[in-house]
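Remarks on the structure that follows.
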Amino acid sequence: MLRNYIKIAWRNLTKHKLFSFINIFGLASGMAVCMLALIKIKEAYDYDTFHPNSQNTYRVITDLNRKNGDHLLCASSPLALGHFLKDNYKYIDKSTSVYFSHEEATANNKKLSVKEAYVDPDFYKIFGFKLLTGSPATGLQTVVLTTETAERFFGKANPIGQTITIGKSDNFLVTGVLKKPPFSSHLRFDLLASTAAIAHHQQNNETWTNEAAAYTYVQLKPGASLSGLKNILAAVSKQASAIVTPLSGKRFVFDAQALDDISPGTKPLYNLTDEPIFPNLIAIGLIGFFMLLLAFFNYVNLTLARSLDRAREVGIRKVAGALRQDVMLQFLSESVLVAILAFGLAFLELRLLMKLPTVQNIIGDAIHDKTLWLYFIIFTIITGLIAGWIPAKVFSGFQPVRVLKGKFNAKLFGGVGLRKSLTVIQFASSLIAIVTLLIFYRQSVYMASADYGFKKEDLLNIKLPDQSFEKASVTLASTAGVEQASGTSGLFGFSEGDVRFIKREKTQDSITATYFSVSPSFIKNMGLQIIA
């Protein structure tokens, strides 16, 4: 019977080609946007799912309390915290600090900008980052590279035993290369080095006073509970504050965040790593749902528009003995077939959209995830069932006598009928979408053309690796057509400055300020005015 329904559905689609194309194309467009949203949401929940014993692993977050009563909840913590917890509390099995930096690295006659992560030996036991070859970097001047970083510096050659210079420090010995993890992680880096490389340069108090220095992770022993860890962190908070408060006037309150709860991030934390934020996922999901909803309305309206032809078909079927559920199954089969065809078209649209850099950043490697395709198939079937439910419900409720006499139309569309309501909702939703996009467009134009208080005309921004401006500025200044060259650590108008806490005097409370490192000619080059 199902085979017969599919055959009839295919004949109806091929008989009314223009109607079928509009229906399939409209549904495909909504499905393509919704598929993008599904990819992003699934990727967010796949973050860090490859780590062993993740249910017993926690990140220590810091509630920074200032003298003026302000609170700042940070994902980071002092550098000394990881070692202190493991050395003083048997409740904790493993711990590691993760300290990030962005410096130039030099190896194999190449100087490239990389993101370093300095970690403790327990890092390789807590997290599921596996070595492709070699051994972990646990010594003072040792380093492990990701596969991408190894290829950038050494190509296809074996990097084990080679040396790499990070910033202005001594040479580091490459001891291993990491496998590419199966899923994304909130910890993103280009290489791993030992925290011993930075810890021996600092005094004990310095490793406690900066709450933004590092990220601390602990793994509890089997049978240990979260409540016990919270009691430990409460005691450590008092000890840390005893060191920090006399020096800076601030106080630390440490808390635990489960590793499984880091992504998507639900807490309003400062100094986040690279985890997706839950409010952003809600916005993405709502956009996808809204576009799919418009496609549903379009499908229902077009299907009901052909009610006269289909109603006679239904009337004859019921006279021949078809039950209501048989008629509903026929229309649901047709809508699922349309959804499957729309899915094929949506996939083609998705492949075209993947050529855009913005879409590539959203999708990444998720399009190759086999589990995701299972979700897509389920999503397609559900989409077809939902889209066809209203037409199936309406058509299956027709009375054969009224249909064959032509009296069904007044009942269905008389007054404010279903189709009229859906048409009004569809047009209203489309207008809202058009107005919203127009507002976004005008806001984008305004952001690009507004007067920000600095010169933008005749300026060319060139991104350079760290510490290389002095060399490049000499060549740039002598280039024909270049009036002046200046350097900055970040671009104005892009939130690229470093946020720091500043205060006028030691006795005053600190405030946050955006901090840029610039060359002496930068003020003149940008047309800035000093008013005081």
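The values are calculated or read from the model by the stated rules, or taken from the named source; none is laboratory data. Note that this is a predicted model, so its numbers are computed, not measured. Note: ideal-geometry Cβ built from the backbone for every residue, glycine included; neighbour counts use all protein chains shown. Remember, those area values only see protein heavy atoms, side chains included, never the ligands or the DNA or RNA. Shrake-Rupley method; radii C 1.70, N 1.55, O 1.52, S 1.80 Å.
Table: residues versus (1) at pLDDT below 90; (2) within 22 Å of the chain's Cα centre (by Cα); (3) part of a helix (DSSP H, G or I).
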| residue | (1), (2), (3) |
| --- | --- |
| Trp10 | yes, no, yes |
| Thr14 | yes, no, yes |
| Gly26 | yes, no, yes |
| Val33 | yes, yes, yes |
| Leu36 | yes, yes, yes |
| Lys42 | yes, yes, yes |
| Thr49 | no, yes, no |
Meets criteria (farther than 30 Å from Phe278 by Cβ, among the polar types (S, T, N, Q), out of contact with any strand residue (DSSP E or B) (no Cβ under 7 Å at 6 or more places or on another chain) and open to solvent by 10 Å² or more (accessible area, probe 1.4 Å)) for Asn23: no
Search result, residues across region 81-119 that are in contact with a strand residue (DSSP E or B) (Cβ under 8 Å, 6 or more places away or on another chain), part of a strand (DSSP E or B) and of a type in the set (D, E, K, R): Asp93, Lys94, Glu103, Glu104, Lys111, Lys115, Glu116
All positions within region 315-344 that are of a type outside the set (S, T, N, Q) and open to solvent by 50 Å² or more (accessible area, probe 1.4 Å): Ile316, Arg317, Val319, Ala320, Gly321, Leu323, Arg324, Leu329, Ile340, Leu341
Contacts under 6 angstrom Cβ, first residue in region 257-282 being among the hydroxyl-bearing types (Ser, Thr, Tyr), partner in a strand (DSSP E or B), 6 or more apart: Tyr270/Leu72; Tyr270/Cys74
Members of region 67-80 found to be modelled with pLDDT of 85 or more and in a loop (DSSP other than H, G, I, E, B), listed by number: Ala75, Ser76, Pro78, Leu79, Ala80
Condition check for Arg312: part of a helix (DSSP H, G or I), basic (Lys, Arg), open to solvent by 10 Å² or more (accessible area, probe 1.4 Å) and modelled with pLDDT of 70 or more: no
Members of region 148-161 found to be among the basic types (Lys, Arg) and surrounded by 13 or more Cβ atoms within 10 Å (Cβ to Cβ), listed by number: Arg152
Residues of region 123-143 classified as of a type outside the set (A, V, I, L, M), assigned to a loop (DSSP other than H, G, I, E, B) and touching a Gly at 6+ places or on another chain (Cβ under 8 Å), total: 2
Subset of region 261-278 (residues that are of a type in the set (A, V, I, L, M, F, W, C) and part of a loop (DSSP other than H, G, I, E, B)): Ile262, Leu269, Leu272
Residue check, Ser263 surrounded by 15 or more Cβ atoms within 10 Å (Cβ to Cβ) and within 20 Å of the chain's Cα centre (by Cα): yes
Pair list, Cβ under 6 Å, 6 or more apart: region 511-532 residue closer than 17 Å to Tyr452 by Cα and open to solvent by less than 40 Å² (accessible area, probe 1.4 Å), other residue among the hydroxyl-bearing types (Ser, Thr, Tyr) and not in a loop (DSSP other than H, G, I, E, B): Phe522/Thr488
Single condition Ala410 does not satisfy, out of (1) at pLDDT 65 or above; (2) open to solvent by 60 Å² or more (accessible area, probe 1.4 Å): (1)
Lone unmet requirement of (1) farther than 30 Å from Asp46 by Cα; (2) within 32 Å of the chain's Cα centre (by Cα) for Thr195: (1)
